[in-house]
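Engineer: Structure below; questions to follow.
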Amino acid sequence: LVGSEMCIRDRNKTEYEIGDELDLTGLVVTAHYSDGNEKVLSAGDYEVSGFDSSTAGEKTITVTYQDKTTTFTVNVKEAAPVVTLESITVSGPTKTEYKIGEELDLTGLVVTAHYSTGDEATVTGYEVSGFDSSTAGEKTITVTYQGKTAAFKVTVKETEKPVVTLESITISGPN
């Protein structure tokens, strides 16, 4: 390769995350000779060194063929954190007392999702279970969102029967 050089083109992947393996798919290494000839090298013809994905930053990759080297750079970045739902909380609803036979009213219910990143978000698409207004008593209502649960309580009261008192009597009969 006297008086020659190498060039690299068509690298497909230039962005990596910490822990990734070097992907040389699409890498084309071409040797250029002093007489004007070129040779596209096979992967086994050259050596690649300098890739370290254990830390973030720009990495210089060296390609060596015979006594010639050339370089290219790639960027290794921190892996995006995996965000998971850790819990949910509920506030509300506005109505917490019911009469026997009434339907559940979720007006004012706010479901908040708490994520592993510390972020919180008000969510919809949750399921509500445990409401039964056929009998009186305290009822625990469970809210489920993506496998996480929270609960609130409501009270179902007996329907008040009007108090009936004797107001008067009348007589009717033979005259």
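The values are calculated or read from the model by the stated rules, or taken from the named source; none is laboratory data. Computed from a prediction, not measured in an experiment: that's the story for all the values here. Virtual Cβ from ideal backbone geometry, glycine too; neighbours counted across all protein chains shown. Calculation scope for accessible area: heavy atoms of the full protein, side chains included, ligands and nucleic acids excluded. Shrake-Rupley method; radii C 1.70, N 1.55, O 1.52, S 1.80 Å.
Engineer: Identify, from the list G118, G173, G147, the residue that is more than 23 Å from the chain's Cα centre (by Cα) and among the small types (G, A, S).
Structural biologist: G173
Engineer: On to the next question. So E103 ticks every box in (1) surrounded by fewer than 11 Cβ atoms within 10 Å (Cβ to Cβ); (2) among the charged types (D, E, K, R); (3) in contact with a strand residue (DSSP E or B) (Cβ under 7 Å, 6 or more places away or on another chain) but one. Which box is left unticked?
Structural biologist: So the condition that E103 fails would be (3).
Engineer: If you don't mind, there's one more thing I want to ask. If you take the residues in segment 48-63 that are hydroxyl-bearing (S, T, Y) and in contact (Cβ under 8 Å) with a residue 24 or more places away in the chain, which one is surrounded by the fewest Cβ atoms within 10 Å (Cβ to Cβ)? Don't jump to the end; show me each part of the working.
Structural biologist: Kept after step one, since they are hydroxyl-bearing (S, T, Y), are these residues of segment 48-63: 49, 53-55, 60, 62.
The next check asks that each one be in contact (Cβ under 8 Å) with a residue 24 or more places away in the chain; those that pass are 53-55.
On the way: S53: 16, S54: 7, T55: 9.
Looking at the filtered set, the residue picked out is S54.
For (1) surrounded by 11 or more Cβ atoms within 10 Å (Cβ to Cβ); (2) in contact (Cβ under 8 Å) with a residue 12 or more places away in the chain, each residue gets a yes or a no:
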position: E21; (1), (2): no, yes
position: K39; (1), (2): yes, no
position: Y46; (1), (2): yes, yes
position: Y65; (1), (2): yes, yes
position: N75; (1), (2): yes, yes
position: A79; (1), (2): yes, yes
position: L85; (1), (2): yes, yes
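Engineer: Okay, next question. Do we have any residue at all in segment 159-171 that's more than 30 Å from S49 (Cβ to Cβ) and open to solvent by less than 60 Å² (accessible area, probe 1.4 Å)?
Structural biologist: Here is the first cut: in segment 159-171, the ones more than 30 Å from S49 (Cβ to Cβ) are 159-171.
Now restrict to residues that are open to solvent by less than 60 Å² (accessible area, probe 1.4 Å): none.
Within segment 159-171 (the criterion being more than 30 Å from S49 (Cβ to Cβ) and open to solvent by less than 60 Å² (accessible area, probe 1.4 Å)), the answer is no, since none of the residues qualifies.
Engineer: Here is a list: V63, V111, V74. Which entry is closer than 30 Å to D23 by Cα and within 33 Å of the chain's Cα centre (by Cα)?
Structural biologist: Checking each option against the conditions leaves just V74.
Engineer: Mind checking which strands (runs of 3 or more DSSP E) fall wholly inside segment 101-156 and carry at least 2 residues that are free of Cβ contacts under 8 Å to residues at least 60 places away in the same chain and within 17 Å of T84 (Cα to Cα)?
Structural biologist: On the way: elements: 110-115, 120-123, 127-129, 137-145.
In segment 101-156, 110-115, 120-123 are the strands (runs of 3 or more DSSP E) which contain 2 or more residues that are free of Cβ contacts under 8 Å to residues at least 60 places away in the same chain and within 17 Å of T84 (Cα to Cα).
Engineer: Within segment 39-69, which residues are more than 18 Å from K13 (Cβ to Cβ), not basic (K, R) and not in a loop (DSSP other than H, G, I, E, B)?
Structural biologist: The answer is V40, L41, G44, D45, E47, T64, Y65, T69.
Engineer: From (1) closer than 30 Å to K157 by Cβ; (2) in contact with a Gly (Cβ under 7 Å, 6 or more places away or on another chain), pick out the condition that doesn't hold for K59.
Structural biologist: Result: K59 passes all but (1).
Engineer: Tell me the residue from T135, T124, T159 that is within 29 Å of the chain's Cα centre (by Cα) and hydroxyl-bearing (S, T, Y), please.
Structural biologist: The unique qualifying residue is T124.
Engineer: For segment 106-129, give me each residue that is surrounded by 14 or more Cβ atoms within 10 Å (Cβ to Cβ), farther than 19 Å from T155 by Cα and aliphatic (A, V, I, L, M).
Structural biologist: Once the filter is applied, which keeps residues that are surrounded by 14 or more Cβ atoms within 10 Å (Cβ to Cβ), farther than 19 Å from T155 by Cα and aliphatic (A, V, I, L, M), segment 106-129 yields V111, A113, V123.
Engineer: Residue under question is L27, and the condition is that it be closer than 30 Å to E160 by Cα, open to solvent by less than 50 Å² (accessible area, probe 1.4 Å) and free of Cβ contacts under 8 Å to residues at least 60 places away in the same chain; does it hold?
Structural biologist: For L27, the condition - closer than 30 Å to E160 by Cα, open to solvent by less than 50 Å² (accessible area, probe 1.4 Å) and free of Cβ contacts under 8 Å to residues at least 60 places away in the same chain - is not met.
Engineer: Let me ask something additional. Could you say whether any residue in segment 139-157 is of a type outside the set (A, V, I, L, M, F, W, C), surrounded by 11 or more Cβ atoms within 10 Å (Cβ to Cβ) and modelled with pLDDT under 95?
Structural biologist: Taking every residue of segment 139-157 in turn, at least one turns out to be of a type outside the set (A, V, I, L, M, F, W, C), surrounded by 11 or more Cβ atoms within 10 Å (Cβ to Cβ) and modelled with pLDDT under 95.
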